[in-house]
Amino acid sequence: MTQETLTLTVARRRVEGNGVLLLDLVDRAGRPLPPFEAGAHVDLHLAPGLVRQYSLCGDPADRNRYRLGILRDPASRGGSVTAHEGLQEGTEVAVSLPRNLFPLASDAAHSILIGGGIGITPMIAMAHALTASGGSFELHYCGRSRDACAFLDELAEAAFRDRAALHLDDGPASQRLDLPALLGSTPAGTHLYVCGPSGFMEWLIGEATRLGLPADHIHREYFQAEAATGGSGFEVVARRSGKTVRVAEDETIVQALSRIGIKVQMSCEQGVCGTCLCTVLEGTPDHRDVFLTDEEKADNDQILLCCSRARTDTLVLDI
Ligand code: FES
């Protein structure tokens, strides 16, 4: 797993809607940036120990900039506020290589892209990519009100503007998102992509499933790992340190290790960034992260300590 980072410069910043910071990050020397696929995100290293993931929302064909949209969330653990206050034009910031956990299916007959609030960001990149490839798609942007929405000017000018619809909570009922009507009028082989608040995604996925869309045709942006606690407790042997600890039901491996004086370096604390990756010497992890690929998880020789647990009574770790 590469942890390579780029040092990029904020070339442009503006705030739109209800506190959405739009950033264009470029290489200061004007070199083209590593390519990314629609649906990809990057890790922004905002401060020591403060790494956050944001979807790339620009056109994947544009190698000159990475565009991000960051919603200011005062209730967050500090990432968005630090980005809003610290990332001024000219600021340099360390950025990971793009990583895609939310790719477009290559065989979709039609794609329905639905973004709720800041969840519109990966959908814009997907709309660009599908436009370029000639794919059939429609884009739906759900927001509380027009004032709360970002990207409206960009969407009004986009090549795919005729395939984009806005659905506002405070607008007339006639413009609300009508998933049964949408799915009822699309061909077999339609894929649905959703991103937004978790309640919004759960509702959409539940409705789409009820309406008969196969599970493997439903895709969700999934930044946050599953709950890191729960299930039964288990034992962790920290072989290099020569210590053993019991991980209780209501604590993470990181918390249990810290009780016996073993500090694990972390950043996202939610199974996304890979900072807390550790080698498994014995036992079977219960993977709860979104960092490792399915193949890497199946190998069971690595674990993300901030969120994953154990399927066996004991895990022996190289720590
Ligand atoms: S700290 Fe980011 S994956 Fe564990």
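Quick grid of which residues meet (1) among the charged types (D, E, K, R); (2) in contact with a helix residue (DSSP H, G or I) (Cβ under 7 Å, 6 or more places away or on another chain):
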{"residue": "ARG67", "(1), (2)": "yes, no"}
{"residue": "GLY86", "(1), (2)": "no, no"}
{"residue": "THR91", "(1), (2)": "no, no"}
{"residue": "LEU113", "(1), (2)": "no, yes"}
{"residue": "LEU130", "(1), (2)": "no, no"}
{"residue": "GLY135", "(1), (2)": "no, no"}
{"residue": "ARG161", "(1), (2)": "yes, yes"}
{"residue": "ASP170", "(1), (2)": "yes, no"}
Exercise. So, of the residues in segment 273-284 that are hydroxyl-bearing (Ser, Thr, Tyr) and surrounded by fewer than 19 Cβ atoms within 10 Å (Cβ to Cβ), which turns out to be nearest to the ligand (Cβ to nearest atom)?
Worked result: THR279
Seminar exercise, completed: Of the listed residues (ARG28, ARG65, ARG72, ARG52), the one being of a type in the set (D, E, K, R) and within 16 Å of the ligand (Cβ to nearest atom) is ARG52
Exercise. For ALA248, are the conditions met, namely being farther than 25 Å from ASP43 by Cβ and within 16 Å of the ligand (Cβ to nearest atom)?
Worked result: no
Exercise. Of the residues LEU130, LEU155, which single one is modelled with pLDDT of 95 or more, part of a helix (DSSP H, G or I) and more than 12 Å from ALA38 (Cβ to Cβ)?
Worked result: LEU155
Exercise. If you take the residues in segment 256-272 that are within 13 Å of the ligand (Cβ to nearest atom) and among the hydrophobic types (A, V, I, L, M, F, W, C), which one is modelled with the highest pLDDT?
Worked result: LEU257
Exercise. Scanning for something farther than 30 Å from ALA47 by Cα and either within 6 Å of the ligand (Cβ to nearest atom) or in contact (Cβ under 8 Å) with a residue 24 or more places away in the chain (or both), does segment 291-310 turn up at least one residue?
Worked result: yes
Problem set entry | Qualifying strands (runs of 3 or more DSSP E) (wholly inside segment 47-112; at least 3 residues being open to solvent by 20 Å² or more (accessible area, probe 1.4 Å) and either out of contact with any Ser or Thr (no Cβ under 6 Å at 6 or more places or on another chain) or not assigned by TED's automatic domain parsing to the domain that holds CYS273 (or both)) | 50-55
Problem set entry | Hey, GLY233 more than 15 Å from the ligand (Cβ to nearest atom), more than 30 Å from ALA125 (Cα to Cα) and open to solvent by less than 30 Å² (accessible area, probe 1.4 Å) or not | yes
Exercise. Which residues, taken from segment 113-157, are within 19 Å of PRO60 (Cα to Cα), surrounded by fewer than 24 Cβ atoms within 10 Å (Cβ to Cβ) and polar (S, T, N, Q)?
Worked result: THR131, SER133, SER136
Problem set entry | Output for segment 161-182, where each listed residue is acidic (Asp, Glu) and touching a residue at least 12 places away in the same chain (Cβ under 8 Å) | ASP169, ASP170
Seminar exercise, completed: GLY242 meets each of (1) within 10 Å of the ligand (Cβ to nearest atom); (2) without any contact (Cβ under 8 Å) to a residue 12 or more places away in the chain with one exception, condition (1)
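Matching residues to (1) under 18 Å from the mean Cα position of the chain (by Cα); (2) of a type in the set (Gly, Ala, Ser):
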residue	(1), (2)
THR5	yes, no
LEU8	no, no
ARG13	no, no
GLY17	no, yes
LEU22	yes, no
VAL26	no, no
ALA29	no, yes
PHE36	yes, no
ALA47	no, yes
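The values are calculated or read from the model by the stated rules, or taken from the named source; none is laboratory data. Note that this is a predicted model, so its numbers are computed, not measured. Glycine also receives a Cβ, built like all others from the backbone with ideal geometry; neighbour counts cover every protein chain displayed. The accessibility values were calculated without ligands, DNA or RNA, using every heavy atom of the protein model including side chains. Shrake-Rupley method; radii C 1.70, N 1.55, O 1.52, S 1.80 Å.
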